[in-house]
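Here's the structure we're looking at; comments come further down.
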Amino acid sequence: MQGESRVRAQVVVVGGGPVGMLIAAELAGYGVDTVLLESRADVSEQPKATTLHARAVQTLARRGHLPGQGYPYTEGPVESPFHFAGLPGLTITAPAREPEPILKCPQAELERHFEARARAAGARILREHQVREVVQDDHGVRVTTDGPQGGTVCFAEYVVGADGARSTVRDQAGIASDTHPATVSALMGAVTLAKPDELPKGWHRTERGWIVAKLDAEGRTHIRTLNCDGAHPDRQLPPTLEELRREVSWIAGRDITMDAPRWLSRFSDFARLARTFRAGRVFLVGDAAHVHFPIGGQGLSTGVLDALNLGWKLALTVHGSAGAGLLDTYDLERRPVARRVIDQTQAQLALMRPGPELDALRRVFTGVLSADREHGYLGGLISAQDTVLPGHTEGSRRATGTFLRNAVLSTATGETDVIGLLRDGRPLLLLLGEESSGHQEEAREWEGDLYVVRARPTPEVPHNALLVRPDGYISWASGESCDLTDALSAYFVKSVVPKSTVPEGTVSVEHP
Ligand SMILES: Cc1cc2nc3c(=O)[nH]c(=O)nc-3n(C[C@H](O)[C@H](O)[C@H](O)COP(=O)(O)OP(=O)(O)OC[C@H]3O[C@@H](n4cnc5c(N)ncnc54)[C@H](O)[C@@H]3O)c2cc1C
């Protein structure tokens, strides 16, 4: 075909929003030959996410992707005030030696940061490439795109669909979804108010819905509305200034005049959860896998954690070091988390419904939020710091399946910490004290894939030995039921076995 070019890669990422750019940076950082296909020419400046929550922030720090925050992190635990369903009083706490629990950063800025990291690590970013077809067989995947110079056909071992809520990859891979229809309508936009005092910044609840107003540095007011009277008949219809003005005035119960609109958009509580995050050689991450009402700033945080869960697993797989079931753990670990996020945002929206019948429940919840400060149940839920890997019981005394908090470690070459060690990117075998020597011997056959570090015992890490994944979760702890060799076999092939390099010819899906 005239003008058609061919590209080969180990992994093709479709979609260069924040999640796609992040996983491209991860993969390329691991030396995976990565191509990213993005339909847009530039980063979208449409205001969207501004908040990243604690577990996403902590995991980004471990992988070295966190923008603009250096060491040392906080000496003691840090609390950040947040809200639940627009009710103030929620506290999100990060443990000592971790970054602050909430990172405020506009989505476009984060996207640029991840793109720069992906490019610096060697990923090939092809903008203005709209993917239209994805076909896989046992040997590889063929991705067909329309680009500025005509069609491009990419052949890869694996494809990651990071192409947002209306994912072409999800459709092409035949992945079905469970959906929840929209029941509310919401608008957002930045405007200049004729009389700024008429709509002070903050969250306003009335008998008809909500208005959230924020001022930007240029004096514009960023407005979000929530109308609980029902879904808009056409979710794709672009809103107008007149519609926003009418909606704000109706919810507020008085005329509010505005002008100079920017970034008008419409959203809703439509929710989707893909029934699987993996179909053969195709994976879904971010909004392609899950969407929900954007309350509490969790969509992007969940997508970031998808990318940081899948990246190292896919890298080990293409380098021939992954255990047989490793890639399947992505869906097992991430889909239940996304399910909980959807449930929890629906619960928040239920509490936000206007009308006096909700008043008492909201008062009760205000008390719950204040009492929860000690226990941190809701803070753990929103910030994803309560995530325990499936197969391991939350609340038990076991370490396996939980996230290893940062701790200062004293090694023969000086002081370091968990965050610093995980930046290496390899699974970490942490040996603390003399009694752990036997574990190093047990791990001998996997040593090529592990970062083995000996450190002085410390009360902050009450174990002789730990196996820690690159995303910070403990996959084995000494003294717990499973043997180290069993844990290692589940995650990795032994590095004494020659690793298969995948020759170009093994990708056998051909263009018709
Ligand atoms: C009003 C609002 C506020 C929000 N606030 C927050 C918040 O504070 N915190 C938070 O965590 N989340 C928030 N979110 C959610 C967050 O914006 C999304 O979860 C996030 O954008 C998901 O990123 P993504 O990379 O998965 O998808 P997207 O950002 O949608 O990126 C997908 C990319 O794929 C590209 N693409 C699509 N189809 C193709 C194709 N066929 N070929 C090539 N490229 C393609 C698109 O151009 C796009 O660049 C908010 C959302 C909204 C609507």
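Rundown of residues vs (1) at pLDDT below 95; (2) in the same structural domain as Pro88 (by TED's automatic domain parsing), yes/no style:
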site	(1), (2)
Leu332	no, yes
Arg335	no, yes
Arg339	no, yes
Leu351	no, yes
Leu358	yes, yes
His375	yes, yes
Arg397	yes, no
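Taking Arg224 as the residue in question, decide whether it is open to solvent by 40 Å² or more (accessible area, probe 1.4 Å), within 22 Å of Ala49 (Cα to Cα) and part of a strand (DSSP E or B).
Working: open to solvent by 40 Å² or more (accessible area, probe 1.4 Å): yes; within 22 Å of Ala49 (Cα to Cα): yes; part of a strand (DSSP E or B): yes.
For Arg224, the condition - open to solvent by 40 Å² or more (accessible area, probe 1.4 Å), within 22 Å of Ala49 (Cα to Cα) and part of a strand (DSSP E or B) - is met.
Only one of these conditions is not met by Arg132: (1) within 16 Å of Arg6 (Cα to Cα); (2) buried (at least 18 other Cβ atoms within 10 Å of the Cβ). Which number is it?
Just one mismatch for Arg132, condition (2).
Among all residue pairs at least 6 apart or on different chains, which show Cβ distances below 7 Å where the first residue, located in segment 10-31, is more than 22 Å from Gln298 (Cβ to Cβ) and more than 6 Å from the ligand (Cβ to nearest atom) and the second is open to solvent by 10 Å² or more (accessible area, probe 1.4 Å) and assigned to a helix (DSSP H, G or I)?
Sorted first by the residue in segment 10-31, then by its partner, the pairs are Ala28/Ala121; Gly29/Ala121.
Does segment 125-145 contain at least one residue that is away from the ligand (no atom under 11 Å from the Cβ), closer than 14 Å to Glu38 by Cα and touching a residue at least 12 places away in the same chain (Cβ under 8 Å)? Before the answer, list the steps.
Initial filter on segment 125-145 (away from the ligand (no atom under 11 Å from the Cβ)): 125, 135-142.
Subsequent filtering for residues that are closer than 14 Å to Glu38 by Cα retains 125.
Next, from what is left, pick out any that are touching a residue at least 12 places away in the same chain (Cβ under 8 Å): 125.
Yes, segment 125-145 contains at least one residue that is away from the ligand (no atom under 11 Å from the Cβ), closer than 14 Å to Glu38 by Cα and touching a residue at least 12 places away in the same chain (Cβ under 8 Å).
Scan segment 7-27 residue by residue and report those that are open to solvent by 10 Å² or more (accessible area, probe 1.4 Å) and more than 20 Å from Thr168 (Cβ to Cβ).
Arg8, Gln10, listed by residue number.
State yes or no: is Asp259 open to solvent by 20 Å² or more (accessible area, probe 1.4 Å) and part of a loop (DSSP other than H, G, I, E, B)?
Details: open to solvent by 20 Å² or more (accessible area, probe 1.4 Å): yes; part of a loop (DSSP other than H, G, I, E, B): no.
So Asp259 fails the test.
Assess whether Asn406 counts as being assigned to a loop (DSSP other than H, G, I, E, B) and touching a residue at least 40 places away in the same chain (Cβ under 8 Å). Break it down stepwise before answering.
Numbers: assigned to a loop (DSSP other than H, G, I, E, B): yes; touching a residue at least 40 places away in the same chain (Cβ under 8 Å): yes.
So Asn406 passes the test.
Within segment 146-179, which residues are within 10 Å of the ligand (Cβ to nearest atom) and among the acidic types (Asp, Glu)?
Residues satisfying the conditions are Asp146, Asp163, Asp171.
Determine, yes or no, whether Ile295 is within 14 Å of the ligand (Cβ to nearest atom), open to solvent by less than 40 Å² (accessible area, probe 1.4 Å) and without any contact (Cβ under 8 Å) to a residue 40 or more places away in the chain. Reasoning before the result, please.
Details: within 14 Å of the ligand (Cβ to nearest atom): yes; open to solvent by less than 40 Å² (accessible area, probe 1.4 Å): yes; without any contact (Cβ under 8 Å) to a residue 40 or more places away in the chain: no.
For Ile295, the condition - within 14 Å of the ligand (Cβ to nearest atom), open to solvent by less than 40 Å² (accessible area, probe 1.4 Å) and without any contact (Cβ under 8 Å) to a residue 40 or more places away in the chain - is not met.
Please determine whether any residue of segment 190-209 is over 25 Å from Arg362 (Cβ atoms) and touching a Phe, Trp or Tyr at 6+ places or on another chain (Cβ under 8 Å).
Yes, because at least one residue in segment 190-209 is over 25 Å from Arg362 (Cβ atoms) and touching a Phe, Trp or Tyr at 6+ places or on another chain (Cβ under 8 Å).
Within 16 Å of the ligand (Cβ to nearest atom), open to solvent by less than 50 Å² (accessible area, probe 1.4 Å), in a loop (DSSP other than H, G, I, E, B) and not charged (D, E, K, R) - does that describe any residue in segment 181-204?
To start, the set of residues in segment 181-204 that are within 16 Å of the ligand (Cβ to nearest atom) comprises 182, 184-191, 203.
Right, trim to open to solvent by less than 50 Å² (accessible area, probe 1.4 Å) and you get 182, 184-191.
Cutting the leftovers down to in a loop (DSSP other than H, G, I, E, B) gives us 182, 184.
Pick out the ones that are also not charged (D, E, K, R) and you get 182, 184.
Checked segment 181-204: at least one residue is within 16 Å of the ligand (Cβ to nearest atom), open to solvent by less than 50 Å² (accessible area, probe 1.4 Å), in a loop (DSSP other than H, G, I, E, B) and not charged (D, E, K, R).
Does segment 211-250 hold any residues that are in contact with a helix residue (DSSP H, G or I) (Cβ under 9 Å, 6 or more places away or on another chain), under 14 Å from Phe267 (Cα atoms) and not aliphatic (A, V, I, L, M), and which are they?
If the condition is that a residue be in contact with a helix residue (DSSP H, G or I) (Cβ under 9 Å, 6 or more places away or on another chain), under 14 Å from Phe267 (Cα atoms) and not aliphatic (A, V, I, L, M), then Thr225, Asn227, Cys228, Pro239 are the ones that fit.
Mind checking which strands (runs of 3 or more DSSP E) fall wholly inside segment 431-478 and carry at least 2 residues that are open to solvent by less than 10 Å² (accessible area, probe 1.4 Å) and touching a residue at least 60 places away in the same chain (Cβ under 8 Å)? Before you say what the answer is, go through the steps one by one.
On the way: elements: 451-455, 465-468, 474-477.
In segment 431-478, 465-468, 474-477 are the strands (runs of 3 or more DSSP E) which contain 2 or more residues that are open to solvent by less than 10 Å² (accessible area, probe 1.4 Å) and touching a residue at least 60 places away in the same chain (Cβ under 8 Å).
Within segment 39-54, can one find any residue that is part of a helix (DSSP H, G or I) and either under 26 Å from Leu381 (Cα atoms) or under 18 Å from the mean Cα position of the chain (by Cα) (or both)?
First pass over segment 39-54, keeping only residues part of a helix (DSSP H, G or I): 54.
Those still in the list that are either under 26 Å from Leu381 (Cα atoms) or under 18 Å from the mean Cα position of the chain (by Cα) (or both) too: 54.
Checked segment 39-54: at least one residue is part of a helix (DSSP H, G or I) and either under 26 Å from Leu381 (Cα atoms) or under 18 Å from the mean Cα position of the chain (by Cα) (or both).
The values are calculated or read from the model by the stated rules, or taken from the named source; none is laboratory data. Quick caveat, the model's predicted, so the values are computed rather than measured. Because the Cβ atoms are built from the backbone with ideal geometry, glycine has one as well, and the counts that use them run over all protein chains shown. Each accessible area value is taken on the protein alone, full model and side chains, heavy atoms only, with ligands, DNA and RNA left out. Shrake-Rupley method; radii C 1.70, N 1.55, O 1.52, S 1.80 Å.
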